[in-house]
1. Please report, in Å, the Rg and the Dmax of the stretch 425-503, where both are computed over Cα atoms only.
2. Taking Cα pairs under 8 Å and at least six residues apart, what relative contact order does the chain come out at, in percent?
3. Report the full-extension gain for the segment residue 629 to residue 224: residue separation times 0.36 nm, less the Cα-Cα distance, to one decimal in nm.
4. Suppose we keep just the DSSP beta bridges with both residues in the chain; what percent of those would be antiparallel, to 5?
5. Can you pull the Kirkwood radius for the stretch 356-395, inverse mean 1/r over Cα pairs, to one decimal in Å?
6. At R0 = 22 Å, how high is the FRET efficiency between residue 479 and residue 438 if r is their beta carbon distance? Nearest 0.05 is fine.
7. Based on Cα coordinates alone, diagonalise the gyration tensor for the chain, multiply each eigenvalue by 5, take square roots, and list the semi-axes in whole Å, largest first.
8. Among 357, 459, rank each residue by its count of other Cβ atoms within 10 Å, from fewest to most, as a rough exposure measure.
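Bear in mind that the values in this text are calculations on the coordinates, not laboratory data. Because the structure is predicted, anything quoted here is derived from the model rather than measured. All Cβ positions, glycine included, derive from the backbone under ideal geometry; neighbour counts span all protein chains shown.
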Amino acid sequence: MQPLIKLENINRYYGSGDVIVKALDGVNLEIYPGEFVAIMGQSGSGKSTLMNIMGMLDRASGGSYLVSGKDVSALNADELALLRRDTFGFIFQRYNLLATADASENVQVPALYAGMGSAERRDRAQKLLTDLGIGDRSDHRPNQLSGGQQQRVAVARALMNDPPVLLADEPTGALDSKSSEEVMALLQELNDKGRTVIVITHEEEVAHYAQRQIRIEDGHIISDSGVDKDKRTASAQANANNDHNESSSLTMEAIESAKMALKALRVNIFRTALTLLGIIIGVAAVITMLAIGEGSKQNVLNQISSMGTNLLNIRPGAPGMRPSGDMATLVPSDATAILDQVNNVAYVVPQRSGSKTLRLGNIDDSVTVEGVGVNFPQARDWAIDQGVFFSQDDLKSYASVVVIGATVAENFFPYEDNPVGSFILIGNIPFEIIGVMEAKGAAPWGSDQDDTVWVPYTTSLVRLFGSNYLSGITVKVEDVDLVEQTESDITALLKARHQVEDFSVRNTASFLEMATETQNTLTILLGAVAAISLLVGGIGVMNIMLVSVVERTREIGIRMATGARRRDIMLQFNTEAAVVCTIGGLIGVILGFSAGFGLSLFGVNIAFTAGPAILAFSCAVGTGLLFGYLPARKAAHLDPVVALSSE
């Protein structure tokens, strides 16, 4: 019969140079199906090293090792994990149970990596625990179980995948005499049913349960009682060729990893909350900042749009020149020439602006006085609320009439519903109020458009400002599609009239474009600041996950010993990071919208769009995957035997 386990000239050395420790030196050993073998030796004899190599938790420094005829020396880490999962069940001296899982969940661990469904796993785990006499303790955690009960859970876990070989390392070392007898009787019973059992021990009483005793000393096998041929029968191990699912579905693995992640996060709830805080603040900041930026942008664009996108504004001073003081380059005849000689012009409004003091009784205030043409309301799409706007006759007769803005009406006539017909002083000159404009609100540049009064520009030039030049000319075009051609025609006309380009023409569409670019830049800046906080949160996730890997090194070793591949460990720790960031992202989205809504109650312009929320949430999850990779990779590349020996 072919040996189940065959070791030929196995060496295991530690250290290098002059300091070399030979834990195993030329070990040859064959173990057949159905045997009950006790490997005996004192501490430091090499027996635990031999068990680690047989269980593929460690690699030999030299020699040949075959399991069911397969040479394991050429297998990679994942192939070793699959073979270990299907061949060996481990029973450790210190039980090596997961402290955060109950008995049933501990037993189910090997089956998880074998691709067994959750319902089937639970049923089999419960049956094994019941068969071992602790079915009523399946929902208890290890710290709620006695030593003997914990060892029975470890035995049930070892049997979960129905492996052909049980490897027990000092299975009674942490038990009292009664519990020791129970565990050894259980192993003997399992051997009687056809299981190959290998016990590592230094106790003679334990070794007597085995039919074959092997003694090891200083890395050499010094005695072997020989194979019991009666135990070595073909029918002794019906489970030697178990067919396990080689790879469970990625979806099922992801679901199980998410469940384990939530359980692991609940164990350290305070630390998890601190980790979540960084992600929450980052996501909420991105959403709120971008909402503020978008709201500000929309507000400015709406204000510019309210002025009309079919307007041309002509201002004194050469293009690119910053206006300073009064510039006498535009005159009323320029406005008349534009109206008469340029096509596609609907209205032309000459303007002369300045600041003057308004007085009424004991109230006085400095306001903007605009001298404009009669077509100002039509050009600016600004309706009259009360009374009328001044007429062409008022313009020709230099009439002392004024139309006031809503803010002026509120300030000077707080107790009157209709101030039309009243007189008010502009400077020291009385003007009759003939109308009140509708409320317009703040201008794109921030000033209150309603804190203004309008008079005929002829009156303003003669009686208020004492000059014959304009502050600007506003032109409303008929066809906005031809606005650029109209702008070009006006430029050519005024250059011909002035013999120099001492003016500038700009359409409101260019204002809109410039404002859009400015606001987009501001939004990007706000988003970048918020993104930095999200990046900081991601770094916090990585740090926490690195700490988690260090704290859970033994758990990683246990999972590897029970069949977890590197992919499984990577998936688990990456999933934990992703779960943290997903939860943090969801809370951050809610908080971001709530913060934006709260700010809107205080008058801050807020505009929510789906894009920033989706972007922030996606970045949060991406951050978890990105910053969770390094800790996950570190965990996945741990050596199983090193991880298991971690305190």
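1. 17.0, 46
2. Details: 1262 pairs, mean separation 117.2, N = 647.
Relative contact order, the chain: 18 percent.
3. Values: separation 405, 0.36 × 405 = 145.80 nm, distance 4.81 nm.
Contour length minus the Cα-Cα distance gives 141.0 nm.
4. Numbers: 57 of 84 bridges.
For the chain, the DSSP antiparallel bridge percentage is about 70.
5. On the way: mean 1/r = 0.0814 Å⁻¹.
One decimal place: 12.3 Å for the Kirkwood radius.
6. E between residue 479 and residue 438, to the nearest 0.05, is 0.25.
7. On the way: eigenvalues 1730, 117, 67 Å².
Ellipsoid semi-axes (Å, largest first): 93, 24, 18.
8. On the way: 357 13, 459 24.
Going from sparsest to densest Cβ surroundings: 357, 459.
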